[in-house]
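Participant: Can you keep this structure in mind? I'll have questions shortly.
The values are calculated or read from the model by the stated rules, or taken from the named source; none is laboratory data. All figures in this text were calculated on a predicted structure; none of them were measured in a lab. Virtual Cβ from ideal backbone geometry, glycine too; neighbours counted across all protein chains shown. When the accessible area is computed, the model is the full protein with side chains, heavy atoms only, and any ligands, DNA or RNA have been set aside. Shrake-Rupley method; radii C 1.70, N 1.55, O 1.52, S 1.80 Å.
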Amino acid sequence: MTSLIFLLVCLGAATALALWRAPIWAWAVLVAIATLLIQIGFAFGPAGGFSLINLLGWLPAIALAALSYRPIRRQMITRPAFAMVRKVLPPISSTEREALEAGTIGFDAELFGGEPDWAKLRAVQPMTLTEEERNFLEGPTEELCRMIDDWHVRAEAREVPENIWNFVKSNGFLGMLISRSHGGLGFSAQAQSVVLGKIASKSPDIAVVVMVPNSLGPGELIEKFGTEDQQEYYLPRLARGEEVPCFALTGPYAGSDAASMRDIGVVERNMHNGEEVLGIRLNWDKRYITLAPNATLLGLAFQLFDPDNLLGEGEDRGITLALVPTHHSGVEIGRRHLPCGNAFPNGPTWGKDVFIPLEWIIGGEERAGQGWRMLMSCLSAGRAISLPASGTAAAKSMLRSTSAYARIRSQFNIPIGRMEGIEEPLARLVEAAYLLESARSVTASMVSAGVKPAVISAVMKYRSTEWARQAVNDAMDIQGGKAICDGPLNFAQSAYQSIPVSITVEGANILTRSLMVIAQGALRSHPWLFKEVEAAQSKDSHEGFEAFEHAFEGHVGFAMANVFGSFFHNVTFGQFGVAPANARYTSKWYKQAYRASRNFALVTDLSVAILGGGLKTKQRITGRLADALSDLYFLCCLLKRFEDDGEPQSDRIILDYCAQNALSRFYASLQEVIGNFPNRVVSLLMRVLVFPLGNQTRPARDRAAKPMVAMVLEPTAARDRLTRDTFVSKDPNDALGCLEAAFAMVVETEETNKRLERAVKAGKVRRFLGNDFIAEAVQEGVVTAEEGEKLRKREALVAKVIAVDHFDPEDITGKSAIGHNYDAAGSLNEPSIAADGEYRIAE
């Protein structure tokens, strides 16, 4: 028993030193005291006396004491480590360095560091809009959503109607990010995100039209990097919609690996507007370029070469960005792609020997070769806004429509939403809506404050679109045949068609997850690693060693704190984790998030230390670490959102459900990393430290979902908070408007309908086609005449909601007057235009 107490005391003292980041001499003192006590125990124990073994026991204390003297430590540890790192570390390429330096370090650094400062999270501005931004959301944005006939856009016309183009141009939708001084709206990132989300909840196609000019493209690049002449000429025109921009980056041989693009520009002298000027001869071949078929201004990325050194900076200048009017001689815009059947314009562009003057480079001649840095700077912020906004909108709109449908649609005389089998996907929809809105609003507020969170933006892009995919699939499963039959009555298909596109663009999710998040995050957000790498690659070996020594010693202290801190927090189940002093209901979750952060820091740090440059090839490891980081970040955002919303009592069950599942996924990801780690010794060490008592974290219990789902099957304030800032139609002739009306009527008449159901079951009322069973129920005294009228209205609305579209076969095969004419043999004749018709649900 005494030995056990002694061991626990020593372990506690070591943990305290590690968390204190104590100097080596303090460790030497601890080891010396422990050794002395052990020696005394041996001296007076049964064996008695001293021996050579007793003397050897002092070697660890002596070694630590010696290493506490800097000259010895340098000679024995630091200089050999510095030499080894300089020798084995692969150089960071220019594109990698530019990507690393483009964004800023945000709250992700707190999570990589293992000791999150909750004050930094709480300092993020709550989701707020200015009066002007709120008026725009509730005015022009609402009006735009009412104008959109989604079925006509994506199925009948398969293009964005002219009246929609005119409306978004004239109301400034294409210039939300352009500053007011240049004629734009100058909205915050938060406002852009909310506006895009609302539009996406009605029509993903129209959201894309608004999204692209306000995301990575000419507008943002000119605003941040353009010359004064470029800003004064183009920005007002872009803001007014007089120019429609697109940006051409991806080519047949350069997708995710954009740095390998074959598009080339060669500096030379040639004729432009009747005079010889210094310029660039361009050759490019790009595809998947959104808005290209409608664009008037082409942003173009290419590799710039100056073989005659006309610019005086060498031959290979690197990736460069230019502005090329699409009417310029030699510019070709190809036919349209059809991405997943969506209607937004997308297509290829190419050019052969197209000469442009040097001043068409974005930022002018001085920005030649800086294109990759410029792109990464914009992408690190833009990727955190546009696609997370549309993904969040998909989850929220699917929750609102599907929860209403699940309450309206009955089988076996009960609403299907109250069946356990339906509760499961409905609970996931609630989780997706709450989780994504939490992360979206927090991240958008960070960007509004000037942060460019490169790692968090990659997390947001891939996880928000993946969550949206799951949400849409769950909605499709619940709605069943209603969802798979496309047409004006369908309110799931447009989201279902658009999700694969959002998953693919701006860095395909599969590569964002496995390559970008951890490969960049571990290097950029780690408290010491990037400093060590920069020091090791310094051209001045003396200065490099000085910087390396500081970073290396800090890294050792960080690693020791992770080892002892993780074990301590895991054996104490996180009860000693740090939480804000004034945290009330959220305190327990803050503590668990703190514990999880320590574990993530440990596993990530060990993975980097052991695998080194080979980490990039272990993409299953990095992918699972990315999943763990994203769930940890989302957990933190959940706490932030709950507090920003005023900690509503009804939202506690949602917070608990989401937080428990986030922790469960987090530890499942770490367990997979540890179980598949290539070094078995390190794998065992991580398992002992992270799961000393096994993985005790489980998903939320089934019973926790019941009250949460029950809330969204009623017109509650919690349901409205979950689906806030989505478009809610009030038009009974619109499928979604009819759904809202039916939902309200079904809830209102629930008790009356129960009496009717009992009468039907008892045989008092015969509910068959051709029989006016409601009149029969009134006649039998089951319901009053007034109640009968409400039941008739209910029946009519429910019938409209559960109805599915059916078409003339010729409309489906394309042989009707809609689109093209075909002869009897199926051959295409000349196209003809059918008379426009607006779909209305029959009364």
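Participant: Restricting to the stretch 499-515, name every residue that is part of a helix (DSSP H, G or I) and crowded, with 18+ Cβ neighbours inside 10 Å.
Facilitator: Passing the criteria: 499, 501, 502, 503, 509, 512, 513, 514, 515.
Participant: Would you confirm, using the coordinates I've provided, whether residue 752 is among the polar types (S, T, N, Q) and within 18 Å of residue 412 (Cα to Cα)?
Facilitator: yes
Participant: Follow-up question, since we're still on this one. So, of the residues in the stretch 401-438 that are in contact (Cβ under 8 Å) with a residue 60 or more places away in the chain and in contact with a Gly (Cβ under 7 Å, 6 or more places away or on another chain), which turns out to be surrounded by the fewest Cβ atoms within 10 Å (Cβ to Cβ)?
Facilitator: This residue is 407.
Participant: Would you mind stating whether residue 158 is within 30 Å of residue 203 (Cα to Cα), in contact (Cβ under 8 Å) with a residue 24 or more places away in the chain and open to solvent by 10 Å² or more (accessible area, probe 1.4 Å)?
Facilitator: Yes, satisfied.
Participant: Of the residues 316, 353, only one is in contact (Cβ under 8 Å) with a residue 60 or more places away in the chain, acidic (Asp, Glu) and open to solvent by 10 Å² or more (accessible area, probe 1.4 Å); which?
Facilitator: 353
Participant: Do you know which residues across the stretch 120-144 are closer than 14 Å to residue 186 by Cα and touching a Phe, Trp or Tyr at 6+ places or on another chain (Cβ under 9 Å)?
Facilitator: Answer for the stretch 120-144, where residues must be closer than 14 Å to residue 186 by Cα and touching a Phe, Trp or Tyr at 6+ places or on another chain (Cβ under 9 Å): 129, 130, 132, 133, 136.
Participant: In the set 462, 496, which member is open to solvent by less than 10 Å² (accessible area, probe 1.4 Å) and either in contact (Cβ under 8 Å) with a residue 24 or more places away in the chain or closer than 24 Å to residue 257 by Cβ (or both)?
Facilitator: Residue meeting the stated conditions: 462.
Participant: Determine which member of the set 483, 444 is within 30 Å of residue 797 (Cβ to Cβ) and assigned to a helix (DSSP H, G or I).
Facilitator: Every option except 483 fails the conditions.
Participant: Still on this structure, I have one more. Could you please give the count of residues in the stretch 279-298 that are over 16 Å from residue 346 (Cβ atoms) and at pLDDT below 95?
Facilitator: Total meeting the criteria: 0.
Participant: For the stretch 161-178, what are the residues that are farther than 17 Å from residue 386 by Cβ, in a loop (DSSP other than H, G, I, E, B) and open to solvent by 30 Å² or more (accessible area, probe 1.4 Å)?
Facilitator: If the condition is that a residue be farther than 17 Å from residue 386 by Cβ, in a loop (DSSP other than H, G, I, E, B) and open to solvent by 30 Å² or more (accessible area, probe 1.4 Å), then 171 is the only one that fits.
Participant: Among the numbered criteria (1) open to solvent by 20 Å² or more (accessible area, probe 1.4 Å); (2) more than 22 Å from residue 210 (Cβ to Cβ); (3) not charged (D, E, K, R), which one does residue 339 miss?
Facilitator: (2)
Participant: Restricting the stretch 408-430 to residues that are in a helix (DSSP H, G or I) and β-branched (Val, Ile, Thr), which is nearest to residue 750 (Cα to Cα)?
Facilitator: Only one residue fits best here, namely 408.
Participant: Right, residue 669: at pLDDT below 95, in a helix (DSSP H, G or I) and of a type in the set (Ser, Thr, Tyr) or not?
Facilitator: No: the conditions fail for residue 669.
Participant: Further question on the same structure: Of everything in the stretch 581-639, what is of a type in the set (Lys, Arg), part of a helix (DSSP H, G or I) and open to solvent by 10 Å² or more (accessible area, probe 1.4 Å)? Give them in sequence order.
Facilitator: Across the stretch 581-639, the qualifying residues are 588, 591, 595, 616, 620, 624.
Participant: Restricting attention to the stretch 689-708, and to residues there that are touching a Ser or Thr at 6+ places or on another chain (Cβ under 8 Å) and aliphatic (A, V, I, L, M), which single residue is farthest from residue 645 (Cα to Cα)?
Facilitator: Once the filter is applied, the top-ranked residue is 689.
Participant: Just wondering, is there one or more residues in the stretch 370-391 that are over 17 Å from residue 220 (Cβ atoms), touching a helix residue (DSSP H, G or I) at 6+ places or on another chain (Cβ under 9 Å), open to solvent by less than 10 Å² (accessible area, probe 1.4 Å) and modelled with pLDDT of 95 or more?
Facilitator: Yes, the conditions are met somewhere in the stretch 370-391.
Participant: Given the criterion closer than 30 Å to residue 687 by Cα, assigned to a loop (DSSP other than H, G, I, E, B) and hydrophobic (A, V, I, L, M, F, W, C), identify the matching residue among 573, 491, 558, 564.
Facilitator: After ruling out the rest, the residue left standing is 573.
Participant: Also, I was wondering about something else. For the stretch 686-701, which residues satisfy the criterion of being surrounded by 17 or more Cβ atoms within 10 Å (Cβ to Cβ) and under 22 Å from residue 561 (Cα atoms)?
Facilitator: Scanning the stretch 686-701 gives 686, 687, 689, 690, 691.
Participant: Related question: Under the condition of being farther than 21 Å from residue 408 by Cβ and outside any loop (DSSP other than H, G, I, E, B), which residue from the stretch 696-725 is farthest from the chain's Cα centre (by Cα)?
Facilitator: My answer is 703.
Participant: Within the stretch 646-662, restricting attention to residues that are under 30 Å from residue 615 (Cα atoms) and open to solvent by less than 10 Å² (accessible area, probe 1.4 Å), which residue is nearest to the chain's Cα centre (by Cα)?
Facilitator: 662
Participant: Report yes if residue 669 is among the hydroxyl-bearing types (Ser, Thr, Tyr), open to solvent by 10 Å² or more (accessible area, probe 1.4 Å) and over 20 Å from the mean Cα position of the chain (by Cα), otherwise no.
Facilitator: No: the conditions fail for residue 669.
Participant: Regarding residue 481, is this residue among the small types (Gly, Ala, Ser), over 14 Å from the mean Cα position of the chain (by Cα), open to solvent by 10 Å² or more (accessible area, probe 1.4 Å) and farther than 26 Å from residue 651 by Cα?
Facilitator: So residue 481 fits the description; yes.
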